[in-house]
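The values are calculated or read from the model by the stated rules, or taken from the named source; none is laboratory data. Worth saying up front: this structure is predicted, and the values here are computed from it rather than measured. Because the Cβ atoms are built from the backbone with ideal geometry, glycine has one as well, and the counts that use them run over all protein chains shown.
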Amino acid sequence: MHKKASLALSVLIMLVAGYGIVAATAWPWKAALFPLVIGIPLFCLAATEALWTLFGGAGEAAEEAKDFQLTLGTGAGRRTLVAIGWIIGFAAAIVLLGFPLAVPLFVFLWLRLHARESWTLSIVMPLAVWAVFYGLFDFLLHLPFPAGWLFAWLGFG
């Protein structure tokens, strides 16, 4: 049953992504860029999953099914609350600071405080995220995001 459901979901995702790709090819380049950037990798990943389901090792899937455990034991509630806190903090940062600042700030804080990564990685990754974010949305697509509420209240937005 698991293989049939996985295959059906993979094929459904391939159909939706394929439709999005085909539809986007008729659009102007700037409008088509986002659906193509999402749709092409999504289609390839779904096709890979479908092929893996059809031709992959059945023994490995059975072993993975045995390894799955839902952890409701000690600390699960705390981990859930921590995850919810990060999500709420990210949403608050988006509202208060706007996307262009909230995204790299979130990446930095999560890497440094939660994942306890090195200072080098905690600084380089947010800079890379900001560069990609700015390069794609502001520079390439000319889609500037509105300033956050904090900047609007201070008269900068």
Expected output for segment 42-57 (first residue polar (S, T, N, Q), partner surrounded by 12 or more Cβ atoms within 10 Å (Cβ to Cβ), Cβ below 8 Å, 6+ apart or cross-chain) is Thr53/Lys3; Thr53/Ser6; Thr53/Leu7; Thr53/Ser10
Given the options Ala24, Ala8, Ala50, Ala46, name the one that is outside the structural domain of His142 (by TED's automatic domain parsing), among the aliphatic types (A, V, I, L, M), under 20 Å from Leu136 (Cβ atoms) and modelled with pLDDT of 85 or more.
Ala24
Are any of the residues in segment 79-102 closer than 17 Å to Pro126 by Cα, among the aromatic types (Phe, Trp, Tyr) and modelled with pLDDT under 95?
yes
Test: residue in segment 86-103 that is in a loop (DSSP other than H, G, I, E, B) and either on the phi > 0 side of the Ramachandran plot or touching a residue at least 12 places away in the same chain (Cβ under 8 Å) (or both):
yes
Could you list all residues from segment 1-53 that are farther than 26 Å from Phe133 by Cα and either acidic (Asp, Glu) or outside any helix (DSSP H, G or I) (or both)?
Met1, Glu49
Scope segment 132-153; condition part of a loop (DSSP other than H, G, I, E, B) and at pLDDT below 90; matching residues:
Leu141, His142, Leu143, Pro144, Phe145, Pro146, Ala147
Any residue at all in segment 108-120 that is under 19 Å from the mean Cα position of the chain (by Cα), within 30 Å of Pro28 (Cβ to Cβ) and either modelled with pLDDT under 95 or exposed (fewer than 15 other Cβ atoms within 10 Å of the Cβ) (or both)?
no
